[in-house]
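S.K.: Pasting in a structure now, in structure tokens, and then I'll have a few things to ask.
Bear in mind that the values in this text are calculations on the coordinates, not laboratory data. All values reported here derive from a predicted model rather than from experimental measurement. Here the Cβ is made from the backbone with ideal geometry for all residues, glycine too, and neighbour counts use every protein chain on show.
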Amino acid sequence: MKKAILKMTSVFVVLVFILSTNAYANQANKKLKSEKSTVKWLGKKVTGEHSGTIKIKKGHLVFKDDQLEKGTFVVDMTSIVNTDIKDEGYRAKLVGHLKSDDFFGVEKYPEAKFELVKAKKLSDGKYEVHGDVTIKGITKPIRFNVEMKNHGDELHVSGKIVIDRSKFDVRYGSGSFFDNLGDKTIYDDFELHLDLYLQ
């Protein structure tokens, strides 16, 4: 009787090990290489536009059976940089304004977050991504397309995200909140261009 129990227990342990090993083998966790990854931002107004960069401090993607399944990325809002303005004083003034409560209030909200909850494969390496973005403590659903390519042991992710800032209480110069702004209007939509590397 004891031998039978021991035998059944051994079979059970082996079975659990095999199943868990297969499950692990079918899942891959790709971690962001933040030092190599870049995100470029672009904001437009009636009289022109400004651009710059912002850093993603950490993130990962999870694949199951080689299909994108979920992921999380955390953006360092204190890392906002402008790259198109040549005058150092004007450039610093703009960056300071973007970090202020008029825009992203980075002292109170130093991080923004994107959580991928679903991905639809469009073609080889191309996905329609669905998730939730959190800015200034406000979370809204979003969807956008990305393209993924393997370069050796690295995964390169590129894509463009368009975010309506008015949905996150970023009001300054917005025609959604103020009337008669004229040529001082700053458009609600801003763009993020992704150039991410994961391993």
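S.K.: Work out how much length Ala28 to Lys113 would gain on full extension: take 0.36 nm times their residue separation and subtract the Cα-Cα distance, in nm to one decimal. Spell out each step's value before the answer.
M.R.: On the way: separation 85, 0.36 × 85 = 30.60 nm, distance 2.16 nm.
Residue separation times 0.36 nm, minus the Cα-Cα distance, leaves 28.4 nm.
S.K.: Output the pairs from Lys31/Lys126; Lys86/Lys149; Lys118/Lys184; Lys40/Lys184; Lys40/Lys149; Lys86/Lys167 with a Cα-Cα distance over 29 Å in this structure; if there are none, say none. Write down the numbers at each step before the final one.
M.R.: On the way: Lys31/Lys126 19 Å; Lys86/Lys149 35 Å; Lys118/Lys184 38 Å; Lys40/Lys184 23 Å; Lys40/Lys149 19 Å; Lys86/Lys167 31 Å.
In this structure, Lys86/Lys149; Lys118/Lys184; Lys86/Lys167 exceed 29 Å between Cα atoms.
S.K.: With a/c under 1.5 counting as rounded, go ahead and sort the chain into rounded, prolate or oblate using the C-alpha gyration tensor (a ≥ b ≥ c being the square roots of the eigenvalues; past the cut-off, prolate if a/b is larger than b/c, else oblate). The partial results should precede the final answer.
M.R.: On the way: a/c = 2.85, a/b = 2.61, b/c = 1.10.
It comes out prolate by the Cα gyration axes.
S.K.: Restricting attention to the range 89-156, which trypsin sites (Lys or Arg not before Pro) occupy a DSSP loop and are surrounded by at most 13 other Cβ atoms within 10 Å?
M.R.: Working: sites: Arg91, Lys93, Lys99, Lys108, Lys113, Lys118, Lys120, Lys121, Lys126, Lys136, Arg143, Lys149; in loops: Lys108, Lys136.
Passing sites in the range 89-156 are Lys108.
S.K.: Where in the range 76-146 are there GluC sites (Glu not before Pro) that are in a DSSP coil and have at most 10 other Cβ atoms within 10 angstrom of their Cβ?
M.R.: Numbers: sites: Glu88, Glu107, Glu111, Glu115, Glu128; in loops: Glu107.
Taking the range 76-146 and a limit of 10 other Cβ atoms within 10 Å, no loop GluC sites (Glu not before Pro) are found.
S.K.: Length gain on complete extension for the stretch Ile85 to Lys57, per 0.36 nm per residue less the alpha carbon to alpha carbon distance? Working shown, then result.
M.R.: Values: separation 28, 0.36 × 28 = 10.08 nm, distance 2.47 nm.
Net length gain for the segment: 7.6 nm.
S.K.: If you don't mind, there's one more thing I want to ask. Just to confirm a number: summing +1 for Lys and Arg and -1 for Asp and Glu over residues other than Thr185 whose beta-carbon lies under 15 angstrom from that of Thr185, what do you get?
M.R.: Numbers: positive: Lys44, Lys45, Arg165, Arg171, Lys184; negative: Glu49, Asp102, Asp164, Asp179, Asp183, Asp188, Asp189.
Result for the local shell: -2.
S.K.: On to the next question. Among His151, Phe178, Val162, whose Cα projects farthest towards the positive end of the dipole of the range 131-189, with charges put on the beta-carbon of Lys, Arg (+1) and Asp, Glu (-1)?
M.R.: Phe178
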